[in-house]
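A.B. asks: Here you go, one structure.
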Amino acid sequence: MTPDYLETRPLLGPPSGSAPRGRRVFLAAFAAALGPLSFGFALGYSSPAIPSLRRDAPPAPRLDDAAASWFGAIVTLGAAAGGVLGGWLVDRAGRKLSLLLCTLPFVTGFTVITAAQNVWMLLGGRLLTGLACGIASLVAPVYISEIAYPAIRGLLGSCVQLMVVIGILLAYLAGGALEWRWLAVLGCLPPSLMLLLMCCMPETPRFLLTQRKHQEAVAALQFLWGSQQDLEEPPVGPADQGFHLAQLRRPSIYKPFVIGISLMAFQQLSGINAVMFYAETIFEEAKFKDSSLASVVMGIIQVLFTALAALIMDKAGRRLLLTLSGVVMVFSTSAFGTYFKLTQSGPGNSSHVDLLAPASVESADASVGLAWLAVGSMCLFIAGFAVGWGPIPWLLMSEIFPLHVKGVATGVCVLTNWLMAFLVTKEFSSLMEVLRPYGAFWLASAFCIFSVLFTLVCVPETKGKTLEQITAHFEGR
């Protein structure tokens with residue numbers, strides 16, 4: 001017997017023999033993606049701002065080592081809280097209003113940083129921008145997946161991660177020319193533009209249908225897709241009452257839950273933060289004239305390969321790119337661990353800074369050669385991550401959950417992602433003490449192997465399917 005779900009039949013779709021031809025859907029997706037651009041800028045802000053804040057003399061706030069660590073990490077705690085809040089907002093306020101609301105903590109947070117007179121104001125501003133990051137990272141993929149038709153959903157959904165890495169790169173580049181206060185002023189611009197554009201965009205048709213607003217849904221589709229589309233009122237049933245724990249017994253609920261949470265965990269356990277953590281050190285060992293360019297180089301690689309992923313997503317498919325990405329990361333993290341194994345000296349419990357010093361190679365030339373091996377491995381890892389495990393977990397999160405549980409389910413996924421990011425970032429140095437650097441990266445390689453196996457066994461292909469067909473797949477229909 002067919003369950004009385006919201007998604008038991010397609011709620012919207014093009015009439016037989018026709019295809020959507022509207023271009024405003026791209027404008028709406030761009031407006032929503034300014035949220036991820038803003039949160040990418042907030043993430044990247046700490047890298048150029050911390051050195052500037054360390055140099056400042058009183059009365060300007062000045063960061064010591066402990067404060068600098070929290071300045072970089074507290075944004076992930078705010079984002080974890082934002083994921084929970086976003087999950088609540090997206091079902092009650094709607095997708096559009098949630099995106100509009102997330103602009104407020106972005107602008108307020110950067111304004112507080114700009115006006116900061118002490119460390120607590122700096123941390124408070126970072127916490128507010130983190131809260132906005134969590135909301136934007138949840139709501140933007142949901143909004144975009146629900147306004148896009150299947151043929152372009154992969155392209156538009158991948159633009160979420162593309163805008164994140166563009167935001168990070170923008171922060172790195174602007175940080176070379178602006179001191180921390182003016183950099184914070186620049187951070188107010190993307191969310192302000194998002195606020196202006198989103199005011200002109202419609203709510204998603206699927207959300208309007210769940211609110212019994214059929215005429216508004218028709219008008220939204222006409223605006224977005226440029227042609228009259230078939231719409232069906234969703235049936236009234238238990239699904240309309242929202243999420244209940246008892247629903248976890250249903251395959252269409254617990255299967256996407258397991259997949260979504262696992263994808264977010266594997267993304268953070270892949271070693272991406274560890275690789276970025278060592279970027280400047282590795283470039284120094286390779287005798288780069290300006291090792292601070294490492295962050296910019298990494299950012300450019302991420303942008304280029306995330307853009308490539310967006311272009312081929314709807315042709316290659318999600319499973320293929322996740323598998324290819326995982327395999328590339330397995331080899332690159334293994335090579336990265338081998339570099340540390342070859343260059344470290346002696347046993348003991350030395351600090352992770354000492355562990356970076358290559359003392360067991362026979363000559364400076366050999367040291368430089370090995371460092372170039374590490375640079376190549378690092379660039380390969382970033383490229384592999386950007387093609388698959390960077391954008392696809394966020395895209396799949398927005399695709400696989402039924403409408404009536406999407407807020408709670410995506411909130412849990414975003415919370416998982418940001419908590420894992422915080423734990424990995426804060427505890428990686430301790431892990432290095434226990435396992436040594438090579439052991440830490442080989443552990444990341446093992447997690448990448450598990451991620452490939454998980455993809456092959458558990459992750460369905462969603463390329464070209466409507467959101468309702470994806471739900472039907474989990475129901476076994």
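A.B. asks: Consider C458 against the criteria (1) free of Cβ contacts under 8 Å to residues at least 24 places away in the same chain; (2) loosely packed, with under 15 Cβ neighbours inside 10 Å: it satisfies all of them except one. Which criterion is unmet?
C.D. replies: (1)
A.B. asks: Do any helices (runs of 4 or more DSSP H) entirely within the stretch 177-292 hold 2 or more residues that are modelled with pLDDT of 85 or more and of a type in the set (G, A, S), and if so, which?
C.D. replies: Working: elements: 180-187, 189-198, 205-210, 214-225, 251-269, 272-277, 279-285.
Output list reads 180-187, 214-225, 251-269.
A.B. asks: Assess whether A174 counts as being assigned to a helix (DSSP H, G or I), touching a Gly at 6+ places or on another chain (Cβ under 6 Å) and in contact (Cβ under 8 Å) with a residue 40 or more places away in the chain.
C.D. replies: No: the conditions fail for A174.
A.B. asks: While we're looking at this one, here's another question. In the stretch 1-55, what residues are farther than 25 Å from P391 by Cα and modelled with pLDDT of 65 or more?
C.D. replies: The answer is A49, I50, P51, S52, L53, R54, R55.
A.B. asks: Here's a follow-up. Here is a list: L155, L178, L170, L138. Which entry is assigned by TED's automatic domain parsing to the domain that holds L34, surrounded by fewer than 24 Cβ atoms within 10 Å (Cβ to Cβ), hydrophobic (A, V, I, L, M, F, W, C) and under 21 Å from T410 (Cβ atoms)?
C.D. replies: Working: L178 fails: under 21 Å from T410 (Cβ atoms); L170 fails: under 21 Å from T410 (Cβ atoms); L138 fails: surrounded by fewer than 24 Cβ atoms within 10 Å (Cβ to Cβ).
Result of the check over L155, L178, L170, L138: L155.
The values are calculated or read from the model by the stated rules, or taken from the named source; none is laboratory data. Because the structure is predicted, anything quoted here is derived from the model rather than measured. Cβ atoms come from the backbone with ideal geometry, glycine included; neighbour counts cover every protein chain shown.
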